[in-house]
Amino acid sequence: MLVFRKLLPHESACLKDHLLRLDDQDRRLRFGHAVSAEVILAYVDGLVWSHSWIVGAFEGEVLRGVAELRDAGLPGSRPGRRIGELSVTVEPAWRNRGVATRLLEEALLIARNRGFETLYLLCLPENQVMQHVARRLGERLSFRDGDVEVLVRAPQPDPLSVFSEMIGDALALWRAALGRSLRLPDPH
């Protein structure tokens with residue numbers, strides 16, 4: 001069973017491990033170009049957690065998929081208008097199970113409750129799977145500078161969306177704690 005929940009800054013090692021388990025092609029699809037292990041480690045170490053929200057899909061204590069919402073803070077943006085970037089990775093064994101869709105839905109709820117108006121999900125033209133997922137969530141798909149850009153408009157928060165995120169966080173913590181308490185010690 002996967003538990004979907006936000007990562008905390010002290011869990012950056014889980015994110016590093018997840019990204020390092022991706023093969024070269026998956027890394028290229030995630031970052032838009034080939035990246036080495038050193039680049040991944042520097043990327044995670046350089047995350048500004050106060051401007052990034054990362055939702056993970058955990059199998060026990062192992063991170064199997066991630067949606068990252070980053071405050072893009074684009075120059076020239078209208079004051080008070082928040083623009084974000086989304087990215088998603090799911091390890092091969094967990095694909096085609098709705099994990100990427102669920103991760104993006106969680107990231108969209110976070111974006112909504114933080115007042116983001118516009119979100120962009122960039123992916124390479126050959127990333128057909130991500131384009132399929134993004135088409136269901138996005139309003140406009142366009143090709144720009146060799147990338148596919150998906151525009152998603154986030155509705156504004158309301159009491160129900162805030163409550164939904166809070167309950168989701170509480171349930172995820174409860175599932176994670178319950179999962180740890182139910183694990184039997186390894187007899188070996």
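The values are calculated or read from the model by the stated rules, or taken from the named source; none is laboratory data. Bear in mind that the values here come from a model prediction, so they are computed numbers and not experimental data. Methodologically, a virtual Cβ is constructed for each residue, glycine included, from the backbone with ideal geometry; neighbour enumeration extends over all protein chains shown. Remember, those area values only see protein heavy atoms, side chains included, never the ligands or the DNA or RNA. Shrake-Rupley method; radii C 1.70, N 1.55, O 1.52, S 1.80 Å.
A few comments on the model shown:
- Each residue, Q25 and N96, gets one label point 7 Å from its Cα in the Cβ direction; the gap between the two is 1.3 nm.
- Listed residues S12, S161 arranged by accessible area, highest first, probe 1.4 Å: S12, S161
- Segment L178..R153, full-extension length gain: 5.4 nm, with 0.36 nm per residue of separation and the alpha-carbon distance subtracted.
- Net charge in the neighbourhood of L109 (other residues with Cβ under 13 Å of its Cβ; Lys, Arg +1, Asp, Glu -1) is 0.
- The length gained by stretching the chain between E61 and I83 to full extension, at 0.36 nm per residue less their Cα-Cα distance, is 4.8 nm.
- Angstrom value of the Kirkwood radius, inverse mean 1/r, which spans all Cα pairs in the stretch 47-132: 13.7
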